[in-house]
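The values are calculated or read from the model by the stated rules, or taken from the named source; none is laboratory data. On a predicted model such as this, the values are computed, not experimentally measured, just so you know. Using ideal geometry, Cβ is built from the backbone for each residue, glycine included, and neighbour counts are taken over all protein chains shown. SASA here: full protein model, heavy atoms, side chains in, ligands and nucleic acids out. Shrake-Rupley method; radii C 1.70, N 1.55, O 1.52, S 1.80 Å.
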Amino acid sequence: MTKQTAIKNVIWAICIGLALLALLIGLFISAVEHYYGDKTRPVMNIGAPVSASSKKADKDVVLTGLAADGTLHELKSSGDAGQGYLDGLTFLCDSVSLPLKSSGLVAGDVWSGENGQLPMTSAFAWKIVLPSDGSVIAPSSAVMAVKPKTLVLAIGSDDAAGIDRDDFVENYKMLLASLREGNPDTVIICGSVCSVTTAYAGSAGPSAERAAELNEWIKAVCIDTGVYYADWFSTLTDGGYLRPEYAEADGRTLSSAGLTALLGWLRSHAAS
């Protein structure tokens, strides 16, 4: 073997060695690095909070799939559907109807916030306590896991004074969209907001005028999304204000009698 040939062989050996070394380095890097997927592809996490800055941009997207025909689907008198109908309902309650959870008046699930509050100002970040195991999850995740046949929303009263129409409607629609995403087969009923009594001394609960305003907003949401509207407001109030016999001592929370009246209304206005 000539000296020139030997030099060429050495050069080839070095090149091959460098190529193998580069291959080994590449394999090592690919093994330890995480793959984050296509970063330009949008992914919707229905259980995660939505930032305020992204809510308006995603409005049209999250509403996709909600049935609407431009009319208000208000529950009508149906005759007595029986206790079995009530026991088959699942409730999502804010602080006004929270006592339903321990009332024993219904056998179905009653979902509520960790502290009993569900302010509409932060509906996109709600967490509820799942009665079956005590887990704290988003309402959409609860619907996905439990798949209730009918979900009654008794919400909208908490922090009612601190939200305007646009935010209320938008947040309510986003909540409904996430619930429908969790289980499209769940029938959703949106209940009316109840006012406080005339003796109410606080500032958190809605007056008769504010409750009427909130209920018009809920009707608009129901028209836009195709869900049922339940007007139990007229049954619980007198002159627009919550009847004293239906209220706890705070003048805002529904008493056992108030809850019984609400359930009686639902029992005689069953969803088809």
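Some observations on this one:
- Subtracting the Cα-Cα distance of residue 133 and residue 85 from 0.36 nm times their residue separation leaves 14.9 nm of extension gain.
- Estimated from the Cβ-Cβ distance and a Förster radius of 22 angstrom, the FRET efficiency linking residue 103 and residue 219 is about 0.20.
- Solvent exposure ordering (accessible area, 1.4 Å, most first) of 101, 149: 149, 101
- Net charge of neighbours whose Cβ lies under 13 Å from the Cβ of residue 72, counting Lys and Arg as +1 and Asp and Glu as -1: -3
- Using the Karplus relation 6.51 cos²θ - 1.76 cosθ + 1.60 with θ = phi - 60°, the per-residue 3J(HN,Hα) values for segment 170-175 come to 5, 5, 5, 5, 5, 4 Hz, with x marking Gly and Pro.
- Mean-position separation - Cα centroids, segment 106-168 and segment 195-272, in angstrom: 17 Å
- Classified by the C-alpha gyration tensor, segment 152-272 has an oblate form. Its axis ratio a/c, with a ≥ b ≥ c, is 1.5 or above, and a/b does not exceed b/c.
- Total charge dipole magnitude, segment 161-207, about the Cα centre, Cβ charges on Lys, Arg, Asp, Glu only, Debye to nearest 20: 160 debye
- Under the Karplus curve 6.51 cos²θ - 1.76 cosθ + 1.60, θ = phi - 60°, whole-Hz ³J(HN,Hα) for segment 84-96, x wherever Gly or Pro sits: x, 5, 4, 5, x, 8, 10, 10, 10, 10, 8, 5, 5
- Where segment 89-181 is the region considered: accessible area per residue in Å², 1.4 Å probe: 35 Å²
- Compared with the direct C-alpha span, the chain from residue 122 to residue 77 gains 12.9 nm at full extension, assuming 0.36 nm per residue.
- Once the Cβ-Cβ distance of residue 115 and residue 249 is raised to the sixth power relative to R0 = 25 Å, the FRET efficiency obtained is 0.80.
- With K and R counted +1 and D and E -1, the other residues having a Cβ less than 15 Å from that of residue 108 yield a net charge of +2.
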